[in-house]
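Scroll down for the structure; my scribbles are underneath it.
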2 protein chains.
Amino acid sequence: MKPEILQARLESPPAEAAGWSPAEFEAKLRERGRAYHIHHPYNVMLNGGRATREQVRGWVANRYYYQIAIPIKDAAVLSNCPDPVVRRGWVQRILDHDGFELNGIRDAGGVEAWLRLAESVGLTREEVVDLRHVAPGVRFAVDAYVNFARRAPWQEAVCSSLTELFAPEIHKQRLANWPEHYRWIDPDGLKYFQSRVSLARRDVEFGLAFTLAHFTTRAAQERALEILKFKLDVLWQMSDAMALRYGVPL
Amino acid sequence: MKPEILQARLESPPAEAAGWSPAEFEAKLRERGRAYHIHHPYNVMLNGGRATREQVRGWVANRYYYQIAIPIKDAAVLSNCPDPVVRRGWVQRILDHDGFELNGIRDAGGVEAWLRLAESVGLTREEVVDLRHVAPGVRFAVDAYVNFARRAPWQEAVCSSLTELFAPEIHKQRLANWPEHYRWIDPDGLKYFQSRVSLARRDVEFGLAFTLAHFTTRAAQERALEILKFKLDVLWQMSDAMALRYGVPL
């Protein structure tokens, strides 16, 4: 996607071209996974067990800003979407992150689970919640994502969630490697990753089916690929900012 | 509240004045109920049993546009609000209107209940959902409310929900009078009003406590009264537009 300030420029419409088949289009979306932050040196270091306590803590504290932005972003999708069926499904994401109390059922939610992760790596709740550790590069990247979801058509915001295609793998890496390499972390703190493996699968099922059904012309499909690239850039840039602040092995 | 296009003008700050006590402020908010649409001739006609079938149907079909705007408006509040405790309470309003399916519990929601009301007064779902009956005056009023909630600080949007102070009474009027006067309406269709009596009470409990706690200086309290006036105007204008279209006894 072009930088936002360039998007207002008039562009000549792309020449009409036939859309890819859903299978071809899905393959192209999945292909973009090569730019997922699972390949970023900071993540490779983290999940390879070579991070110091400070590097783990820095990641958890910075990533918290992304965690709290997600329900805000999802509420923006809801607020832009007039389709009650989509809303009824999408609101589940907000409940997952914020938690809920409904008809006697209580769920503390993903943001709370993240705070427990933070405590288990030796951060205080206070220093995480007040965002003192959040690097400006992380903040600007996350804000770009929220602003995109606020201003883009909701269908594009749905498409931008497709990095979830690649999320179960990165969570499984953490679950497989962290307990072995970081014995100083209370394993109870890793529950967030466990819950996200299945939730990300459920969420992306809708996001992918919707994207394949909605982006059907070639121009729309190329736009969808650009949007996915933008979201991959958001995650990559977060890792860049953390690598710059906390260091990364050469 | 001033018309939106005048609000960008610079204003000299009002002279400092002490805030009213919470009890005084609450009395002033409640006093505004004299401009609630319960007193509008169209509502007086409706709830007094003097409306024709066309006037009842016109009201139900037009008011549907307000019903579907409410979860959009509430999602805008969510999206503007960084406080997870407030969000966890506020999301309940979206679930109430859109319905939900969660841990085996299913609620069809208020918008669906409204569609059942529509059917019970002899409208088809289709002619309600496609908004063909919605008068431009109704649309612009509802849109003004949604746009306010999107752009105002979330605290002001919470304050704008305070017309719920007066809502249980208008729903109780409907429940008391409609079955007697409009025997042609399937009483099953009136369940929406029944559910809103308790939900509006629960909702306004938070909205009022929050407004009393948050708007504490005299200038802020006057702003809150302006916001409530704006919201009362939205509802009143909807009735005006319906009266103009469907007629009202002189």
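Across the range A:103-124, a minimum of one residue is classified as of a type outside the set (Asp, Glu) and within 20 Å of A:Phe206 (Cβ to Cβ).
Evaluation of B:Arg132 against the conditions (1) open to solvent by 10 Å² or more (accessible area, probe 1.4 Å); (2) charged (D, E, K, R); (3) more than 23 Å from B:Asp83 (Cβ to Cβ); (4) part of a helix (DSSP H, G or I) shows that the sole unmet condition is (4). Among the residues of the range B:4-47, those identified as at pLDDT 95 or above and either part of a loop (DSSP other than H, G, I, E, B) or farther than 23 Å from B:Lys231 by Cα (or both) are B:Trp20, B:Ser21, B:Tyr36, B:His40.
Kindly establish whether A:Asp203 is open to solvent by less than 30 Å² (accessible area, probe 1.4 Å) and either under 20 Å from A:Lys28 (Cα atoms) or in contact with a Lys or Arg (Cβ under 7 Å, 6 or more places away or on another chain) (or both). Yes, satisfied.
What tally of residues in the range B:65-86 results from selecting those that are open to solvent by less than 10 Å² (accessible area, probe 1.4 Å) and facing chain A (nearest Cβ under 7 Å)? Total meeting the criteria: 5. Just wondering, is there one or more residues in the range A:50-64 that are modelled with pLDDT of 95 or more and within 14 Å of chain B (Cβ to nearest Cβ)? Within the range A:50-64, one or more residues are modelled with pLDDT of 95 or more and within 14 Å of chain B (Cβ to nearest Cβ). Taken as a whole, the condition of being touching a helix residue (DSSP H, G or I) at 6+ places or on another chain (Cβ under 7 Å) and either in a loop (DSSP other than H, G, I, E, B) or at pLDDT 95 or above (or both) does not apply to B:Glu169. Of all residues in the range B:87-102, which are facing chain A (nearest Cβ under 10 Å) and closer than 18 Å to B:Ala200 by Cα? Answer for the range B:87-102, where residues must be facing chain A (nearest Cβ under 10 Å) and closer than 18 Å to B:Ala200 by Cα: B:Arg87, B:Arg88, B:Gly89, B:Trp90, B:Val91, B:Gln92, B:Ile94, B:Leu95, B:His97, B:Asp98, B:Gly99. Restricting attention to the range B:88-111, the residues that are over 15 Å from B:Ser161 (Cα atoms) and free of Cβ contacts under 8 Å to residues at least 60 places away in the same chain total 15. Only residues that are of a type outside the set (D, E, K, R) and farther than 21 Å from B:Gly110 by Cα were counted across the range A:77-104, and they come to 2.
The values are calculated or read from the model by the stated rules, or taken from the named source; none is laboratory data. None of these values were measured; they are calculated from a predicted model. All Cβ positions, glycine included, derive from the backbone under ideal geometry; neighbour counts span all protein chains shown. Keep in mind that these areas ignore ligands, DNA and RNA; they rest on the heavy atoms of the full protein, side chains included. Shrake-Rupley method; radii C 1.70, N 1.55, O 1.52, S 1.80 Å.
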